[in-house]
Amino acid sequence: MRLVTTNLTYKEVQPKLKELVDTMFKTVPSGVGSRGFVDASKSQFREIMAYGSKWCAENGYGWKEDLERTEGYGRIDWAEPEKVSSRAMERGIKQLGTLGSGNHYLEIQVARAENIFDAEIAKKFGIHTPEQVVVMVHCGSRGFGHQIGTDYLRIFEGVMKKYNIEVYDRELACAPFQSNEGQDYYKAMACAANMAFANRQVILHRIREGFSKVFKTDAEKLEMHMVYDVAHNIAKLEEHVVDGHKKKLVVHRKGSTRAFPPGHPELAPLFKNTGQPVIIGGSMETGSFLLVGTQKAMDETFGSTAHGSGRTMSRAAAKHQVRGEQLQKDMEKRGIYVKATSMPGLAEEAGFAYKNINDVIDAVSQAGISKPVIGLKPVGNIKG
Amino acid sequence: MNINNDRTKYRFLEDVAIADIAFEAYGKTLNELFENAASAIFELSADVETIDAVKKVEFELENVKLDNLLYDFLSEILFLKDSKYMVFKNVHVAISEGKKNCLKAVLEGDRINPEVQHLENDIKAITMHMFELKKEKNGYKATVVVDI
């Protein structure tokens, strides 16, 4: 999940909103079998697996400052491309720069004054003007990461007997962390995380190009700075206090996201006083939130919080309630211009299929595991 | 064979997987079961009416376990989507059971082209969550949850 600012206001963007969305709909491909603009060779893709966003910044797809605004500086350094199958590489190599489908999106949002919870921190994160326009991107490592998952799921299934492990659901197949198989997977998974950082990084490059083209102004002049980029599905070795003792733990955040407090040593100096920016995505109709990590998250939830509003209705049930074409028209009437490669796919993502984002934010806020900074309302959306 | 969301071939389960998509596939024979499960994947990926059967892909797989053979078979369809940019509408499967179960598959479809095909879900993975291949009184049933 990634959030980027602009210095444009909604009033400035609104007349060009369709042009903007249409431009990025073309330059950031989405949907089944889409191919990205980065035509990486096999050796370049190996570098991307090992270096993530760092490769992108060094190859003209980003600004140097983007790295310090990314979880782990956009690179997991224990990644080992040799642990990734050639099949996974074949699936992923042309996907760099694509959104995917399902709940993945690229969204143009507005930061309205009435949705500000903490003006001081919002300002530090680069959101300081009433009706300021920002861009949010939700996507990951695409088929690449899933192929790595599929490959290792089968490897783990074959060795669980050896380690005397039984699981109640086959999707939970696993191996001990320190075993050869466990370590191989940990290194391969890091390659998927690096590909995901890189994917969002090259998409950011396309977003900057798109805004720059439509507004005939350099992205630097449009102040298109990243607020933050954080993973939604990753396991990492981290130090946490358990029963009063510091311990190294494998923290797996799946359907959750990192929310480190002010002063955490893993954060860039930029966030030393504020804590880590946390981005919680809502539905395409209701909006999303920028929050900040807290000490309580460190004390109670291993430095983690919710990652999104979460569905309440299955995709099939949502499709029975509304047609994509109708939803698109209704949203446009309400000032949200949405483009999608699949109309049934759009219907599946209708706002009513998700929990109320305000309830989710209230829950994490009352639990103290992250602190709301600002609510962001969608005005333009690209769906896979 | 041609498919058309025939409920006797496969059925999407509405409230089993909220964020993903679950389906059951049926078949009087193993070949039919595999074909019907593949057809469910085809329907999730695109409106099959908009796909021309102009390209043929053939492959062979083997596995000692039949359920793992089904998992590998369905995963192969996703692999072909992302690596060869193919979507399919027709499928023919021939399985010979034995110490190692062998599968021969022929898939017919076309290169992905959003200009002419109505594409839908870009399925990320076949999951092992609730994954099951069961022999029943009158044939076989499989339960599959795909990650969207």
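Values quoted throughout were computed directly from the atomic coordinates according to the rules given, and no laboratory measurement underlies them. Since we're looking at a predicted model, the values are computed, not measured. Backbone-built Cβ (ideal geometry, glycine too); neighbour counts: all protein chains shown.
Placing unit charges on the Cβ atoms only, positive for Lys and Arg and negative for Asp and Glu, gives region B:20-147 a dipole magnitude near 560 debye about its Cα centre. Please label the shape of region A:282-330 as rounded, prolate or oblate, based on the square roots a ≥ b ≥ c of the eigenvalues of the alpha-carbon gyration tensor (a/c under 1.5 means rounded; beyond that, a/b larger than b/c means prolate, else oblate). Taking the square roots of the gyration eigenvalues as a ≥ b ≥ c, region A:282-330 is oblate. Checking the Cα-Cα distances for A:Lys377/B:Lys89; A:Lys213/A:Lys272; A:Lys247/A:Lys383; A:Lys333/A:Lys355; A:Lys123/A:Lys216; B:Lys9/B:Lys55 against a 30 Å cut-off, the pairs over it are A:Lys377/B:Lys89; A:Lys213/A:Lys272; A:Lys247/A:Lys383. The order of A:Ser370, A:Ser179, A:Ser342, going from fewest to most other C-beta atoms within 10 Å of their C-beta, is A:Ser179, A:Ser342, A:Ser370. In this Cβ point-charge picture (+1 for Lys and Arg, -1 for Asp and Glu), the protein assembly as shown has a dipole of about 300 debye about its Cα centre. When the chymotrypsin sites (Phe, Trp or Tyr not before Pro) in region B:76-143 are filtered for DSSP coil states and for at most 16 other beta-carbon atoms within 10 Å of their beta-carbon, the remaining sites are B:Tyr85.
Remark: mean inter-chain Cβ contacts per residue of B:108-120 equal 3, using a 10 Å Cβ-Cβ cutoff to other protein chain atoms.
Relative contact order, whole percent, for region B:20-147 stands at 37, derived from Cα pairs under 8 Å and 6 or more residues apart.
With the biggest extent put first, the Cα atoms of the protein assembly as shown measure 68, 56, 44 Å across the principal axes. Between A:Arg323 and B:Glu136, the simple spin-label model (points 7 angstrom out along Cα→Cβ) gives 3.3 nm. The order of A:Val230, B:Val93, A:Val214, B:Val116, going from fewest to most other C-beta atoms within 10 Å of their C-beta, is B:Val116, A:Val214, B:Val93, A:Val230. Counting beta carbons within 10 Å around each of A:Trp55, A:Trp78, A:Trp63 and listing the fewest first gives the order A:Trp78, A:Trp63, A:Trp55. To the nearest whole percent, what portion of all C-alpha pairs in region B:20-147 is separated by more than 21 angstrom? Summing the P(r) of region B:20-147 above 21 Å gives 36 percent of all pairs. In the protein assembly as shown, a dipole from Cβ-located charges (positive for Lys and Arg, negative for Asp and Glu) runs towards its positive end, and of A:Thr150, A:Ser34, B:Ala105 it is A:Ser34 whose Cα lies farthest in that direction.
The charge dipole of region A:216-296, taken about the Cα centre with unit charges on the Cβ atoms of Lys, Arg (+1) and Asp, Glu (-1), comes to about 320 debye, rounded to the nearest 20. Its relative contact order, with pairs defined as Cα atoms under 8 Å and 6+ residues apart, puts chain A at 23 percent. Each of B:Leu66, B:Ser83, B:Phe23 was placed along the dipole of region B:1-117 (beta-carbon charges, centred on the mean Cα), and the one lying farthest toward the positive end is B:Leu66. Between the listed residues A:Ile369, A:Leu96, A:Val167, the Cα displaced farthest toward the positive end of the dipole of chain A, a dipole computed from Cβ unit charges relative to the Cα centre, is found at A:Leu96.
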